[in-house]
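Asks: Okay, handing you the structure first.
The values are calculated or read from the model by the stated rules, or taken from the named source; none is laboratory data. Note that the structure is a prediction, hence the values are computed from the model and not measured. Note: ideal-geometry Cβ built from the backbone for every residue, glycine included; neighbour counts use all protein chains shown. Note: accessible area is taken over every heavy atom of the protein model, side chains too, but ligands, DNA and RNA are not part of it. Shrake-Rupley method; radii C 1.70, N 1.55, O 1.52, S 1.80 Å.
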Amino acid sequence: MAETFIRRANSEVTPAGESQPLSIRAFLLGPLLCLLIGVGTIYANAIIQGTFMAWCFSNPVALFLFFYLVLGNILVGTLARNLALRREELVLIYAMMMVSASIPTFGLVEHLLPMITGVFYYATPENNWGELIQPYVPVWIAPSDGQLIQGFYEGLPKGMPVPWEGWLEALGYWSVFLLALYLVSIGLMVILRRPWMEGERLLYPMMQVPIEMINGREGTSLVSAVFRQPQMWIGFALPVIVGCCNALHNYYPQWPGLYFRSSMYLFRDTINLPFEFSFSLVGFSYFINRNLALGIWFFYLLALVEQGCFNILGVHSTEKLGWFSNPSSPYLTHQALGAMLVFALYTLWKARSHLLAVARRAWRWGGDAGDQNEIMSYRAALWTVLVGLVVMVVWLEATGIPLVAVLLLVAVAMLIFVALSRIVAEAGVALVRAPLIAPDFVMASMGTSFLGPKGLTGLAYTYPWTADIVTFPMAACANSLKMIHEVVRGRKRAFFWGMVLALVVTLAGAFWIVLYLSYRHGGINLNSWFWLTSSSVPLSYISMMMRNPSTTELGGWLFTGFGAGLMWLLIWVHQRVMWWPIHPLGLAMTGTVFTSGVMWFNVFLAWAIKGLVLKYGGGVLYRQTRYFFVGMILGAFVVAGTWLVIDFITGKQGNFVLIW
């Protein structure tokens, strides 16, 4: 029932008739905000070291800036109505900011530059990276000049210019690969948009808030209905009050802070069950199907029980997985990956009729795929995907990875990206990550002996775009397409170029600020997660694999097959047994303890609250309460972003207002 009201609200967003063409001002303001995101989020992580604003699929910085943009637009429109941005322009700007926010920090750049140079700076006689890894690093993939790298980590003397020219070759080659990857991502989401949005009618919970913020903008009032709801402002006030208390506590320790987290140990203290409360995560979870919510928290608890039983019975794997692949539970990791791959393949299988029509259109076999209102034609989208994949394969093989391993790596990585994008679009999950990352899967599947030191080194350089990736442009594009097609009528081709412009501007700004801050302050003095931990962890794992070559692990394959079979069975039951209450999607999320551990309690709370609301108040009460949860999401992101601005002005560091 709840989903019906979300769809009804969305169907009321745009009046009949075709939207007006986008103006130049939107294409000027959008890139400026993207540049602000690319530079500002990295500065916030590296210097201010406050609340992360661009580190998960909800992309808080985009909604934070959009909130003030909409309020500013209302003020401008009140003074001069003809100067106010139209809804189509607001949608373009928000779509660009969504794509932009998925790149600078945890999405790519803040990982990339330290990761590709860490092998030179952190090499010591003890780890022996100079002999194990450095001889196999391609000369074009990273700068290798000792002084250039030392300055990157330790800073330059005052007055010395940043050696930009020393990075041009490496960043040029990386830009080719990244643009190919991101264009493939956009093309895939354009092709899958219709089956997901119109065929399966996915809810896209994360888009409910921005759509609500511009609802009614073409009417007689400049102010959207959501801003006139007292429930929204009550929900808005709660995280603002809590966030301000936490911020003031960091400024003045005598002021009480409000933190909502706890945990309990189970199975002879071998399993930790976390309880983390987040205003935004509860808010997003309130908009999803209750069967989906049940599946998310149920399968997480079931996985903990499974791991607890393994611990008590002494069932352990000898396989060594990398840090980014949940090495503490290899069997559960393989099980979750098998489930995720089947989930991705089933997603593509359900869209097979549409995919065949797209292929026919691309190869001129006749038929009308109906792509007039897409942001790019299906022919262009398919060719973009194919050419981009070829570029990626050639680039990766040039790093030293054997061709068969490259093909497996790209196939698994793309399936993981599609699965995660589908999970975000369907379940509104802000925190989710691959249970077993693609390069680790290749090593576990083929064995490190087959790959050799050159192939292992090449795989180490895939970590920046496959490892600690809790946001990426494919998912941002999927969400953006929902908003574009709900609000904008008529041709939408300009939105594709807006996304491409956002990618280019953000990459350029992010590369610039990382280099500037590193050479001015010294990378080792900045955020240690990026400049120390994430740049050395992959290399430590790769060097261990070189010292101890391995073959494939039978147990991992068995649990991968078990997870795949269980997911197939659950999908079959979900499709054919009408009373079955548990959605299988949650099984694919169980292998990543950190992200699922944060999500499960918030999803459970939203599931329970929504159940009570629908049972005792029905659809009327649900429609009234959803504004409250919209306010919780907005309030959480606005208070976090606002305090970052205050911290920038005051020079305060380490002020985490709201962690999630």
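Asks: In the range 172-207, which residues are open to solvent by 20 Å² or more (accessible area, probe 1.4 Å), charged (D, E, K, R) and at negative phi?
Replies: If the condition is that a residue be open to solvent by 20 Å² or more (accessible area, probe 1.4 Å), charged (D, E, K, R) and at negative phi, then Arg194, Glu198, Glu200 are the ones that fit.
Asks: Separate question: Scanning for something closer than 30 Å to Asn59 by Cβ, more than 24 Å from the chain's Cα centre (by Cα) and among the hydroxyl-bearing types (Ser, Thr, Tyr), does the range 315-328 turn up at least one residue?
Replies: no
Here is a yes/no grid of residues against (1) buried (at least 19 other Cβ atoms within 10 Å of the Cβ); (2) at pLDDT 95 or above:
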position	(1), (2)
Lys320	no, no
Ser325	yes, no
Ser328	no, no
Gly338	yes, yes
Ala344	yes, yes
Thr347	yes, yes
Ala359	no, no
Trp363	no, no
Gly366	no, no
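Asks: Out of curiosity, is Val613 out of contact with any Asp or Glu (no Cβ under 6 Å at 6 or more places or on another chain), at pLDDT 95 or above, surrounded by 24 or more Cβ atoms within 10 Å (Cβ to Cβ) and part of a helix (DSSP H, G or I)?
Replies: No; evaluated as a whole, the condition is false for this residue.
Asks: Between residues in the range 490-506 that are in contact (Cβ under 8 Å) with a residue 24 or more places away in the chain and residues that are of a type in the set (Asp, Glu) and open to solvent by 10 Å² or more (accessible area, probe 1.4 Å), which pairs lie under 7 Å by C-beta distance while being six or more apart or on different chains?
Replies: Matching pairs, first to second residue: Gly490/Glu18.
Asks: Restricting attention to the range 623-639, does a residue exist that is among the charged types (D, E, K, R), more than 17 Å from Arg433 (Cα to Cα) and without any contact (Cβ under 8 Å) to a residue 60 or more places away in the chain?
Replies: No, the range 623-639 has no match at all.
Asks: Tell me, please, whether a residue that is of a type in the set (Lys, Arg) and more than 31 Å from the chain's Cα centre (by Cα) can be found in the range 189-204.
Replies: For the range 189-204, residues of a type in the set (Lys, Arg) and more than 31 Å from the chain's Cα centre (by Cα): absent.
Asks: Of the numbered conditions (1) open to solvent by less than 50 Å² (accessible area, probe 1.4 Å); (2) in contact with a Pro (Cβ under 6 Å, 6 or more places away or on another chain), His574 satisfies every one except a single condition; which is it?
Replies: (1)
Asks: Just to be sure before I move on: is Gly151 over 28 Å from the mean Cα position of the chain (by Cα), open to solvent by less than 10 Å² (accessible area, probe 1.4 Å) and at pLDDT 95 or above in the structure I sent?
Replies: yes
Asks: Provide a single number: the residues in the range 25-52 that are part of a helix (DSSP H, G or I) and either touching a strand residue (DSSP E or B) at 6+ places or on another chain (Cβ under 6 Å) or of a type in the set (Val, Ile, Thr) (or both).
Replies: Number of matching residues: 6.
Asks: Could you say whether any residue in the range 53-62 is assigned to a loop (DSSP other than H, G, I, E, B), in contact with an Asp or Glu (Cβ under 7 Å, 6 or more places away or on another chain), under 24 Å from Lys652 (Cα atoms) and not aromatic (Phe, Trp, Tyr)?
Replies: No, the range 53-62 contains no residue that is assigned to a loop (DSSP other than H, G, I, E, B), in contact with an Asp or Glu (Cβ under 7 Å, 6 or more places away or on another chain), under 24 Å from Lys652 (Cα atoms) and not aromatic (Phe, Trp, Tyr).
Asks: Right, something else. Provide a single number: the residues in the range 554-589 that are at pLDDT below 90 and in contact with a helix residue (DSSP H, G or I) (Cβ under 6 Å, 6 or more places away or on another chain).
Replies: So the count comes out to 1.
Asks: Out of (1) within 25 Å of Leu436 (Cα to Cα); (2) open to solvent by 50 Å² or more (accessible area, probe 1.4 Å), the odd one out for Phe310 is which?
Replies: (2)
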